[in-house]
Amino acid sequence: MLDIVMRAASFIAIIVMGYLLKKIGFFKEEDFGLLSKVAIRITLPCAIIVSFSGKEIDPALLALPLIAMVCGAIYVALGYLLNRNKPREQQAFAMLNLAGYNIGSFTIPFAQSFLGPMAVVAISIFDTGNAVICLGGAFSLACMVKDGSGFSVKRIVKALLRSVPFVVYVIMLTMNLLSIATPRFVLSIAEIGNSANAFAAMLMIGVGFKLEAKREQMSTIAKLVAIRYSVALAAALACYNLLPFALEVRQALVILAFAPIGSSVPGFTGEMKGDVGLSSALNSICMVISIAIIVALLLVML
């Protein structure tokens, strides 16, 4: 238990360090983009390569992308239905800002440090379905509600193909299913990047942390947070008790259920001409709540 607390405290310390370094001017606001590129496009793909290499994947895990899309669809539907008497802008905001999971820069570092490689593999497979929601699906549906524009499959496909982690997921999953070994040289490089992934991801979260919501918007945040984590609790209980996977995989899915909202959501909110400040505040508040819940869960499960 002490080891879990120490490692969790280390994660939080790195996040706080990133936030304080931004406050004193060591990092600037625009540096978040660079740190994000390093974490998402370099160290995360390295972690994916290392986790998949040499692992035998249970074919049943291929159901995880479908589960991810169903979970995302539930959040989108709740965002719409629970705001159906509100203005269309508010409906669209809720649909977009409830859906999806922050997996690459949040969940995988936790799984990598606390649960082991098979958990990372399961989460990575889950993320291929999550990406469909986070990288265009929820955005297209929200735009359709807000301004009547049609659902865009093309937008989703383009976003997926531009996502380095998604492409690496697909390549590594395909290689694994075809029993193609990862070249030793590639694996050697990936192992170095893998070692830096948790640090890079937590530092990025700290630098990106911000609260810009106005006081009158706190009720909206409270409502969305309540919906988000109520569904998360139901999903976690269902995944842990009902799914026929190994314990390590079910533990990973419990952590996944309580992951914060996808890091790309504020950007999509801006593209939709929505309230970016409110979206960023919601994202940051969910980050804090998720860390507290996941650390508590790890203490109980491990």
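Side notes on the structure shown:
- Failed item in (1) touching a Gly at 6+ places or on another chain (Cβ under 9 Å); (2) at positive phi; (3) of a type outside the set (A, V, I, L, M, F, W, C), with K214 passing the rest: (2)
- Candidate set: the stretch 245-262, residues that are in contact with a Ser or Thr (Cβ under 9 Å, 6 or more places away or on another chain) and assigned to a helix (DSSP H, G or I); chosen: the one farthest from L298 (Cα to Cα): L256
- Subset tally (residues that are assigned to a loop (DSSP other than H, G, I, E, B) and of a type outside the set (A, V, I, L, M)) for the stretch 223-244: 1
- Residue check, V276 closer than 26 Å to R41 by Cβ and surrounded by 21 or more Cβ atoms within 10 Å (Cβ to Cβ): no
- When the test is whether a residue is out of contact with any Phe, Trp or Tyr (no Cβ under 9 Å at 6 or more places or on another chain) and either surrounded by 19 or more Cβ atoms within 10 Å (Cβ to Cβ) or under 30 Å from M301 (Cα atoms) (or both), Y101 does not pass it.
- Subset of the stretch 221-246 (residues that are touching a helix residue (DSSP H, G or I) at 6+ places or on another chain (Cβ under 9 Å) and over 17 Å from I67 (Cα atoms)): I221, K223, L224, V225, I227, Y229
- Within the stretch 1-55, considering residues that are in contact (Cβ under 8 Å) with a residue 60 or more places away in the chain and small (G, A, S), the one surrounded by the most Cβ atoms within 10 Å (Cβ to Cβ): A47
- Where N85 falls short, out of the listed (1) among the polar types (S, T, N, Q); (2) within 18 Å of A190 (Cβ to Cβ); (3) surrounded by fewer than 18 Cβ atoms within 10 Å (Cβ to Cβ): (2)
- I156 passes every criterion in (1) surrounded by 16 or more Cβ atoms within 10 Å (Cβ to Cβ); (2) of a type in the set (V, I, T); (3) over 16 Å from the mean Cα position of the chain (by Cα); (4) modelled with pLDDT of 85 or more apart from (4).
- Residue satisfying all of: in the stretch 283-298; of a type in the set (G, A, S) and more than 13 Å from A9 (Cβ to Cβ); surrounded by the most Cβ atoms within 10 Å (Cβ to Cβ) among these: S290
- When restricted to residues that are more than 23 Å from Y19 (Cα to Cα), in contact (Cβ under 8 Å) with a residue 12 or more places away in the chain and under 19 Å from the mean Cα position of the chain (by Cα), the stretch 195-233 contains 7.
- Flag for A281 being among the small types (G, A, S) and in contact (Cβ under 8 Å) with a residue 40 or more places away in the chain: yes
- Screening L278 against (1) modelled with pLDDT of 90 or more; (2) within 18 Å of A99 (Cα to Cα); (3) aliphatic (A, V, I, L, M) leaves a single unmet condition, (1).
- Some residue of the stretch 183-191 being without any contact (Cβ under 8 Å) to a residue 40 or more places away in the chain, under 23 Å from L82 (Cβ atoms) and part of a helix (DSSP H, G or I): no
- Scanning the stretch 56-71 for residues that are touching a residue at least 40 places away in the same chain (Cβ under 8 Å) and under 19 Å from the mean Cα position of the chain (by Cα) turns up L61, L62, L64, P65, L66, I67, A68, M69, C71.
The values are calculated or read from the model by the stated rules, or taken from the named source; none is laboratory data. As the structure is a computational prediction, the values presented were derived from the model and not from experiment. Cβ: placed from backbone, ideal geometry, glycine included. Neighbour counts: every protein chain shown.
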